[in-house]
Each structure stands twice: as C-alpha cells, then as structure tokens.
Amino acid sequence: MKLEPNHRFDAVQTAVEKGSATPTEPLEKELFLTLKGKGQDETVQKALDIYQDNYKREVIESFLLVDVSRGDIEKVLGVLPSVVDAFEHLFFDTVVFENRLDKFSYARSYDRNDYGHAMKNAAMDYGGESLKISMSAASSYVSPTAVQNEVRAVAYFMAQRAKTNSVDSNVARAALDWAKLALRAAEGAKEESTAGVEQISIALEIKNETTNAENSGIEPDDILR
C-alpha cells in the first residue's frame, strides 16, 4: 500500500494551506472551496461532516473496508449512496488496497483511535454481514447461505485450534449451541423462500393443474412465473 486512504484529502488540504491553484477534479474542487468556506455542494459537505466526526468516520470506513454495497449502507445507516461515493473518493480511497492482505495490515496497524482499531479489525475478521447486523439492531436480512458458509468456516477453524489448544467444555458447548441455532435459522429461511417454487413444481407434474387455477389453487400469474 503506497498511499494512505485519505491521500486526496491531504492533498487538497495542503493546496488550501499553501494557496495553490484550485483542483480540477469536481469533488476535489468542491472540497477545496468548502475548506475555504466557499463550498456550495451539499453532498461534499455531508461527506466532510462524516470525516470530521470520529465515530461516523470509523463506521463508514469499516463498511467500505469490507466492500459493503451502497444499497446496504443506505439501508443500515441511512447515508445516501452519493454521499458514500464522495466520502470514498475524498477521504477513504479503497483503491490503495491492492489485496486483502493490505486491508488486514491496515486494520491491524490502525492507531488513530481504539474504537476505530477495534471496529476495522472486527469488520475484517467477521465480514460485512456481521458488521451490518451489529449496526442495525439485528434487523438486517442475512443470507441463509452466508450463515451456513460462516458456520462451516468457524467450525473448521475451531476444530483445528482444538487440536493444539485446551478448550473449555462450557465454551465448546456454547459455541455448538450457537452454531446449531444459526443453521436452524438458515434452514428455516431457505424453506420459506423455496416453498412457492416447490408448490409450482408439484403442480407442473399434472398437466391439468398447470392450466386450471381453480384445481391447483395457484394463480395463473404465479403458474407462469
């Protein structure tokens, strides 16, 4: 990683301090004017407000660090995609991370504040799904497949650690209980989401039911879909 994620902000701020020429890139130009008290772009101002608030900054940066989509960020945090775009360009350029190793290195060595260090490392360790849940009071939808994959990965990881480490039986039982609960929830969601497909599949086995909504109990539009 050759540059810091906030390299564009640093460059614009230096230009303001030295009285250099106004940048030509639109967002950087507006940031330049905003720092001089002449800005009129509400989106850039909102992005700057987030950057200048330690808590908000760490949250948005953590979401961007693990590639949470703009739509999910808006759903969980209520921040418009345009503001996130401006923030990423001006204050947290994720292009500087060439790979996941760069991201892990950045998170592990982050020392701006303890909260940011903890949040960025949690994001890298547990992923975007866990981050969304932690910030949405568990109201965020989690893909059943994501749950299953995560439980499998954690179970394998814990099994490997158990070979070389003493594992407390209470901790092991608690972990197993949570894994079972997560998998049951995932299986329930899968059954619920596929129930309509199974119903139509059964109906298609009998030609009369595919053409007769009264007999099949399925609306024509649903049969067509």
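Quick note: the coordinates plus some simple rules give every number you see, no bench work behind them. Keep in mind it's a predicted model, so treat the numbers as computed, not measured. For neighbour counting, all protein chains shown are included, and Cβ atoms are generated from backbone atoms with ideal geometry for every residue, glycine included.
Values computed for the structure shown
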{"read-out": "Calculated FRET efficiency for the pair Ser136/Lys29, C-beta based, R₀ 30 Å, to 0.05", "value": "0.30"}
{"read-out": "Exposure proxy order (Cβ contacts within 10 Å, fewest to most) of Leu31, Leu90", "value": "Leu90, Leu31"}
{"read-out": "In Å, descending, principal axis extents of the Cα set of the stretch 16-132", "value": "42, 30, 25"}
{"read-out": "Within-11-Å neighbourhood charge of Met1 [Cβ basis; K, R +1; D, E -1]", "value": "-2"}
